[in-house]
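Working notes for the structure below.
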Amino acid sequence: MDILLSLIPAIGWGVQPIILRRIGSSSTQDVFGFGLGAIIVGILVQIFFSPVAINLPTFLLSFLAGVAWIYGQAGQVRAYDMISVSRTMPISTGLQLIGTSLIGVLVFGDWASLSSKIIGALAIIVLIFGAYLTTVNPEVKDTSNDLARGVRTLAITSIGYWIYSAIPKMVSADAISIFLPEMLGIFAGAMIYVYLSDKEVFRQRKSWISSFVGMIFGVASLTYIMSAQLNGVTLAYILSQLNVVVATLGAIFIGKEAKTPRQLQLTYLGLVLIVGASIVTVFL
């Protein structure tokens, strides 16, 4: 049962882009939905789990982590339209792992030994190559600028994911206690983003429907915390990385994103390399 719990984050985070594409909402509507859904789950967790009170600095840092996450997520949903879900998710996952690994080494002293640094660097190179394999079409030369724009957008906004991952390591509080402040940050960041981008989104039906996906994110995040407590952070993290497999293959086979047989082979290989490299970084 504990292992099944560990799979919920992978499934929850993995199906998010697939459901959003089925809804047909815009990227701004998606951001609104994430904000609204996240705060609903955050309030429910506060009511039913009665977390320990935290001090103001911890609250503010956790709130900032939530704002940073919605910044990263906004870039990801924009990339769906630019380069498709099946290309976005491997690239986004790769950028997240690269950034969080480097921050861990440079700021928190991870990979302390020389051998760990060498193996970690090789894992990152493999990860980058895996992400590259999921984007290429060897049979057709891509002359559009969409791929470059998509990668550039993800590279810039993935900084938000890095901050979101790093801040919890900076505070002395359990994950449940900082959950609501993080969700509040996601909600506030989302509302500001929507207000600055397109205020009409507040009155559009698909915006409210997409909040269901925001609730899926919140539940998946909560179950990840529970899994880490029951199964250990390492196993919980490894299984959660399967979300890139769920999202990418779901986009291809459920979302019907076109791939040639050769592209499929390269995508499968790329996914194996991404997941494998991410596992290696956990054990260093």
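The values are calculated or read from the model by the stated rules, or taken from the named source; none is laboratory data. Everything numeric here is computed off the predicted structure, so don't read it as measured data. Every residue, glycine as well, gets a Cβ built from its backbone with ideal geometry; the counts of neighbours run over all protein chains shown.
If you filter the range 1-30 down to residues that are of a type in the set (D, E, K, R) and in contact with a Leu (Cβ under 6 Å, 6 or more places away or on another chain), you find that the one that is farthest from Y193 (Cα to Cα) is D2.
Only residues that are assigned to a helix (DSSP H, G or I), among the aliphatic types (A, V, I, L, M) and buried (at least 16 other Cβ atoms within 10 Å of the Cβ) were counted across the range 41-61, and they come to 4. Put simply, of S116, S144, S177 the only residue that is modelled with pLDDT under 90, of a type in the set (S, T, Y) and either farther than 30 Å from I43 by Cα or outside any helix (DSSP H, G or I) (or both) is S144. Just one of (1) over 17 Å from the mean Cα position of the chain (by Cα); (2) assigned to a helix (DSSP H, G or I); (3) more than 18 Å from A247 (Cβ to Cβ) trips up M82, so point out which. Among (1) over 17 Å from the mean Cα position of the chain (by Cα); (2) assigned to a helix (DSSP H, G or I); (3) more than 18 Å from A247 (Cβ to Cβ), M82 violates only (3). Residue check: is V67 in contact with a Gly (Cβ under 6 Å, 6 or more places away or on another chain) and not aromatic (F, W, Y)? So V67 passes the test. Evaluating T135 against the criteria (1) β-branched (V, I, T); (2) part of a helix (DSSP H, G or I); (3) surrounded by 18 or more Cβ atoms within 10 Å (Cβ to Cβ) leaves one unmet condition, (2). Taken as a whole, the structure places Q29 among residues that are closer than 25 Å to E200 by Cβ, touching a Lys or Arg at 6+ places or on another chain (Cβ under 7 Å) and in a helix (DSSP H, G or I). Could you check the range 87-113 and list, in sequence order, the residues that are surrounded by 16 or more Cβ atoms within 10 Å (Cβ to Cβ) and assigned to a loop (DSSP other than H, G, I, E, B)? D110, W111 - these are the residues of the range 87-113 that are surrounded by 16 or more Cβ atoms within 10 Å (Cβ to Cβ) and assigned to a loop (DSSP other than H, G, I, E, B).
Let's see how each residue does on (1) closer than 30 Å to G130 by Cβ; (2) touching a His at 6+ places or on another chain (Cβ under 8 Å); (3) among the hydrophobic types (A, V, I, L, M, F, W, C):
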{"residue": "I3", "(1), (2), (3)": "yes, no, yes"}
{"residue": "W13", "(1), (2), (3)": "yes, no, yes"}
{"residue": "F48", "(1), (2), (3)": "no, no, yes"}
{"residue": "Q73", "(1), (2), (3)": "yes, no, no"}
{"residue": "R87", "(1), (2), (3)": "yes, no, no"}
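With respect to (1) within 29 Å of L222 (Cα to Cα); (2) surrounded by 17 or more Cβ atoms within 10 Å (Cβ to Cβ), the lone exception for A155 is condition (2).
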